[in-house]
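The values are calculated or read from the model by the stated rules, or taken from the named source; none is laboratory data. Worth saying up front: this structure is predicted, and the values here are computed from it rather than measured. Counting neighbours? That spans all protein chains shown, and the Cβs are built from the backbone with ideal geometry, glycine included. Please note that ligands, DNA and RNA were not included when accessible areas were found on the heavy atoms of the full protein model with its side chains. Shrake-Rupley method; radii C 1.70, N 1.55, O 1.52, S 1.80 Å.
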Amino acid sequence: MEGMGFLGIGLGIGLIIIGAGLGIGKLAAAALEASGRQPEASGKLQTMMIIAAALIEGAALFGLVILNGLNG
Amino acid sequence: MSKSELEHLTDESHVGQSDDHTEGHQSENIVQQIISDLGDHRDFTVFNKKLFELPVILVDDGLKIYSGVSDMEASGEYLYHHHKIVKAENGEPLELHHETDADGHHYATPALDLSITNFVAFQMISAIIMIFLFSRARAAYKKRPTKAPRGLQNLMEVFILFVRDEIVRPNIPVRKLANSLTPYFITIFFFIYIMNMIGLLPGGHTPTGSLSITLGLAMTAFIVIIFYQIKQEGLGGFISHLFAGAPFPVNILMLVIEGAGLLIKPAVLAIRLFANMSAGHVVLFSFIGLILAGGAAGTPFSIMALFVYVLELLVAFIQAYIFTMLTAIFLGIGLHDENELAH
């Protein structure tokens, strides 16, 4: 594979991981803050946090799947 | 995920044996080895050792069944050429001279390949496990109809009530439809969960790590969503949902968008499940490779590898839960609540 191809794949993976990390980070911050305000709701908050994290991670993994195809 | 995986990765003679790779770069061979190990095989492999060959079933001017790849090659009709089955003539692959492929050859392949491969065999294993679990729970209910559940029956009841009360009932407002659809959701949840977990046992392969199998599961979700929506609302109600209640000229745009959404939502379900499963296994294999390549300096990686392995257990359950829940949500969106006043 050409050199620019490698560069493109590396940049792609980096950008995808930045997006996923930022999204899940904001989500975790909101969940922790709400859990701090109202500790008895922490069970429900945990469930919703995990679901949202899995959906955001799913979006990041779509991009990675397409990168896998680009790799030939 | 086992000892012989490690042997497989460090066994240099095995690495050099693939006939597809003309370059001799070791790192590239290891990457190809990982990807092909995670893929499909035509023989039943456990712990990466071939146990026996699986039947090859082809539909090509009639149904042809062979008991294995070597049986197929011995019959002279087909050859196993570069990981593909091609028609053979007098011991040589039959070439079509119409188009050229990437390597300059275009071979004639059979019309339909229905053979039982490794992934299909593991799917059947997980189906057998499900039948066993559910029939034991049912027998326990029959034997003790009025007493509290114990043992396996208790465990199954936890999961079944979880699916029914957290996934099906909140999302499908019509109670009669929810009751008749609960078996489908329980089946999908257990099937995906057991398939994901089988890949984590030593020697197992994950069927959901293949896009074809997850697309099949998403197709069942697609059919269920459309069929039950039409059955509940009628064909007219279904079409009016596609128009989404906007005034005339925007209607056409909404039809296009909603129609695309109808196809894309199950496809996205399939890709999410496939990507989560295969990505997790690739990360785990990479850590194992790092442990082996690092030698003594690779010891911290074993802790990371253990952490990723436990995370895979959690991801197996979460992905099964999300697939089922999203199917229930997509179905519930298209239905009207039976307690709603007017619409």
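A Stokes-Einstein calculation at 25 °C with viscosity 0.890 mPa s, built on the Kirkwood radius of chain A over Cα pairs, returns a diffusion coefficient of 176 µm²/s.
With the gyration tensor restricted to C-alpha atoms of segment B:192-264, the semi-axes of the equivalent ellipsoid amount to 38, 14, 7 Å, longest first. Solvent-accessible area of residue A:44, all protein chains in place: 150 Å² (probe radius 1.4 Å, heavy atoms, ligands and nucleic acids excluded). The phi-based Karplus calculation (6.51 cos²θ - 1.76 cosθ + 1.60; θ = phi - 60°) puts the 3J(HN,Hα) values of segment B:126-135 at 6, 5, 5, 4, 5, 4, 4, 4, 6, 6 Hz, whole numbers, x for Gly and Pro.
When the C-alpha to C-alpha distance is required to be over 23 Å, the pairs from B:231/B:265; B:142/B:176; B:64/B:87; B:142/B:231 that qualify are B:142/B:176; B:142/B:231. Ignoring lysines fewer than eight residues from residue A:44 along the same chain, the ones with Cα atoms less than 25 angstrom from its Cα are A:26. Within segment B:239-343, the proportion of Cα pairs with more than 20 Å between them is 62 percent. For residue B:114, the residues whose modelled amide H falls within less than 5 Å of its own, excluding neighbours fewer than 5 places apart on the same chain, are B:57, B:58, B:59. With a Förster radius of 51 Å applied to the C-beta separation of residue B:311 and residue B:248, the computed FRET efficiency comes to 0.50.
In chain A, the longest principal axis of the Cα atoms and the axis of helix A:42-70 are about 0 degrees apart. In this structure the amide hydrogen of residue B:109, modeled in the peptide plane, comes within under 5 Å of the amide hydrogens of B:87, none closer than 5 places in sequence on its chain. Per atom type, segment B:103-219 shows carbon and sulfur on 66% of its accessible surface, probed at 1.4 Å. Using R0 = 22 Å, the C-beta based FRET efficiency linking residue B:141 and residue B:227 works out to 0.15.
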